[in-house]
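Student: Sharing a structure here in structure tokens format.
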Amino acid sequence: MIEFARGMQRDFNRFVMEYRFAVDEVLTKVTILREEFLHLQRYNPIEHVSSRVKTPESILRKVVRKQCEPTLPAIRRNITDIAGIRITCSFIADTYRLLEALTSQSDVRVVEIKDYIAHPKPNGYKSLHAIIEIPVFLSTGPVPVIVEVQIRTIAMDFWASLEHKIFYKYDGEVPGHLVRELTEAAGTAGEMDRRMEQLHTHIRGPVHENDAASGTVAGIDEKLLRQLWELLPGKDSQDPRDRLR
């Protein structure tokens with residue numbers, strides 16, 4: 001047992017470090033997507049991003065609860081929420097848009113996706129959950145690491161935060177009338193999401209379909225653009241802005 005404890009202590013710090021690096025990798029991807037949306041499409045669907053990595057004690061307590069074999073390969077296979085990232089978006093359409101942009105990247109392997117927006121939990125909980133695997137490149141070579149990504153709207157996030165606080169206060173034994181009120185509140189939050197997205201679409205047009213097409217090259221004045229245009233072959237058949245989009 002002493003040898004087992006020494007081995008766990010020796011290897012577990014590196015094990016958790018891999019998950020911290022994986023979170024950093026995904027956060028970098030999200031930052032790049034945010035910048036792309038903002039600067040190229042003149043729209044940023046991401047309102048807020050948070051992340052966390054479970055502490056060693058929290059991981060091992062879950063290993064005991066799940067009756068998982070206490071080896072690092074078994075923990076890696078069976079505990080999929082060691083690293084977590086939560087992304088809050090403006091509208092429902094943005095959640096799906098961001099999920100597609102993130103999971104379609106070539107170095108991201110999708111392990112599982114749960115769509116609790118289209119199919120809410122019985123208590124009204126809504127969110128997109130994606131279990132993804134990405135490579136973390138260490139000095140000894142790449143290590144595949146699992147990260148759980150949750151994507152939801154502001155209204156969904158507010159409801160989930162309140163629900164978590166209530167269940168924590170009552171240690172999971174929430175009175176029936178509060179459960180009913182939470183479920184009703186989830187419906188109200190869903191209606192607000194739909195109405196706000198309708199207003200956004202009414203003001204801006206169909207969800208972002210013209211964002212990229214309507215943009216011009218930032219920081220290039222008309223005179224310089226015309227000079228560049230004159231250098232291009234076949235210029236008479238196109239608008240100069242089109243060649244630089």
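The values are calculated or read from the model by the stated rules, or taken from the named source; none is laboratory data. Since the structure is predicted, the reported quantities are computational estimates derived from the model, not experimental observations. Just the protein is used for accessible areas: all its heavy atoms, side chains included, with ligands, DNA and RNA removed. Shrake-Rupley method; radii C 1.70, N 1.55, O 1.52, S 1.80 Å.
Student: When we measure straight from the Cα of LYS54, which aspartates and glutamates land under 15 angstrom away, once same-chain ones fewer than 8 places off are left out?
Tutor: Those aspartates and glutamates meeting the cut-off are GLU18, ASP24, ASP81, GLU148.
Student: When the Debye formula is applied to the Cα atoms of the stretch 137-202, each taken as the same point scatterer, what base-10 log of I(q)/I(0) results at q = 0.20, 0.21, 0.23, 0.25 Å⁻¹?
Tutor: -0.86, -0.91, -1.01, -1.09
Student: Whole-Å semi-axes of the stretch 32-181's equivalent ellipsoid, largest first, each the root of 5 times a Cα gyration tensor eigenvalue?
Tutor: Details: eigenvalues 141, 133, 30 Å².
Equivalent ellipsoid semi-axes, largest first: 27, 26, 12 Å.
Student: With every protein chain left in place, what is the accessible area of CYS68 in Å² (1.4 Å probe, nearest 10)?
Tutor: Spelled out: CYS68, probe radius 1.4 Å, area about 20 Å².
Student: Once neighbouring chains are kept in place and the probe is 1.4 Å, which whole percent of the accessible area of the stretch 71-196 is contributed by carbon and sulfur?
Tutor: Details: 3740 of 6550 Å².
Accessible surface attributable to carbon and sulfur in the stretch 71-196 totals 57 percent.
Student: Let me ask something else about it. Would you mind pulling out the separation of the Cα centroids of the stretch 110-168 and the stretch 18-69, in Å?
Tutor: For the stretch 110-168 versus the stretch 18-69, the Cα centre distance is 9 Å.
Student: Amide H neighbours of VAL136 under 5 Å, counting only residues 5+ apart in sequence or on other chains, H built in-plane at 1.01 Å?
Tutor: VAL143, VAL145
Student: Might you work out the accessible area of GLU191 for me, using a 1.4 Å probe with all protein chains in place, and round it to the nearest 10 Å²?
Tutor: 80
Student: Determine how large the accessible area of MET156 is when every protein chain is in place; take a 1.4 Å probe and give Å² rounded to the nearest 10.
Tutor: My reading of the accessible area for MET156 is about 10 Å².
Student: Sorted by accessible area with a 1.4 angstrom probe, largest first, how do THR140, THR103 fall? Could the numbers behind the result be given before it?
Tutor: On the way: THR140 110, THR103 25 Å².
The ranking, largest first, comes out as THR140, THR103.
Student: Determine how many Å³ per residue the convex hull of the Cα atoms of the stretch 1-106 encloses.
Tutor: On the way: hull volume 12.2 nm³, N = 106.
Normalising the Cα hull of the stretch 1-106 by residue number yields 115 Å³.
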